[in-house]
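The values are calculated or read from the model by the stated rules, or taken from the named source; none is laboratory data. These numbers come from a predicted model, not from an experiment. Reconstructed Cβ throughout: ideal geometry from the backbone, glycine too, with neighbour counts over all protein chains shown. Side chains included, ligands, DNA and RNA excluded: accessible areas come from the protein's heavy atoms. Shrake-Rupley method; radii C 1.70, N 1.55, O 1.52, S 1.80 Å.
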Amino acid sequence: LDDVSELEFGSVFDALDVGIVVLDGQGCIVGWNDWIARASRHSEQSVLGKNLFDIFPKLRETRLPAALEESIQVGSSSILTHSLNTLLPLRDEAGQQLLHNIVVRPLAPGRATHCLLQVNDVTVSLTRERVLRERQNARYHAIVDTAPDAIITTGLERTIQWLNGAAE
């Protein structure tokens, strides 16, 4: 690529609201956009050319090494979700932990020489889902609590988890 193409792609990657990390076949960082730099607290200059697992050693204990190997060797893509994996130590501007998913995909069909990590912040959507679930539960309990019939909820072990006023 010439300097103009690199500048254009760099500007596009830096404008995205997702983290973009490009790794070579040995796991060394060759691309690192502004979003991931802010969320990880690691500047592009401090990580380029370094192995991702040297910067984040705890990632060695996750599914990410296998996903990267599959991406490079086989050309397969993977999604690592926050609910099943401990991933990157990312924070927002206020220092709060960012819940995120990582999409791992090869950058070429067949045997790729590089792969892309796309880091998606899911914190807001998970917070929204939790609030909606709490509201739904509050409505349910408001209706069930005032029902004239006895309503009892039990667990699998047949212990009472909850009961309404009529059941009491």
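Of note:
- For the set ASP149, ASP121, the ranking by accessible area, highest first and with no ligand, DNA or RNA atoms included, is ASP149, ASP121 under a 1.4 Å probe.
- Sorted largest first by accessible area at a 1.4 angstrom probe radius, with every protein chain in place, the residues SER78, SER11 fall in the order SER11, SER78.
- The stretch 33-116: relative contact order in percent, alpha carbon pairs under 8 Å with at least 6 residues between: 29 percent
- nm² value of the averaged projected area, convex hull over the Cα atoms of the stretch 15-106: 5.7 nm²
- Spin-label pair ASN137-GLU168: with each label point 7 Å from Cα along the Cα-Cβ axis, the two points sit 1.9 nm from one another.
- Multiplying the residue separation of ALA108 and ALA147 by 0.36 nm and subtracting their alpha-carbon distance yields 8.0 nm.
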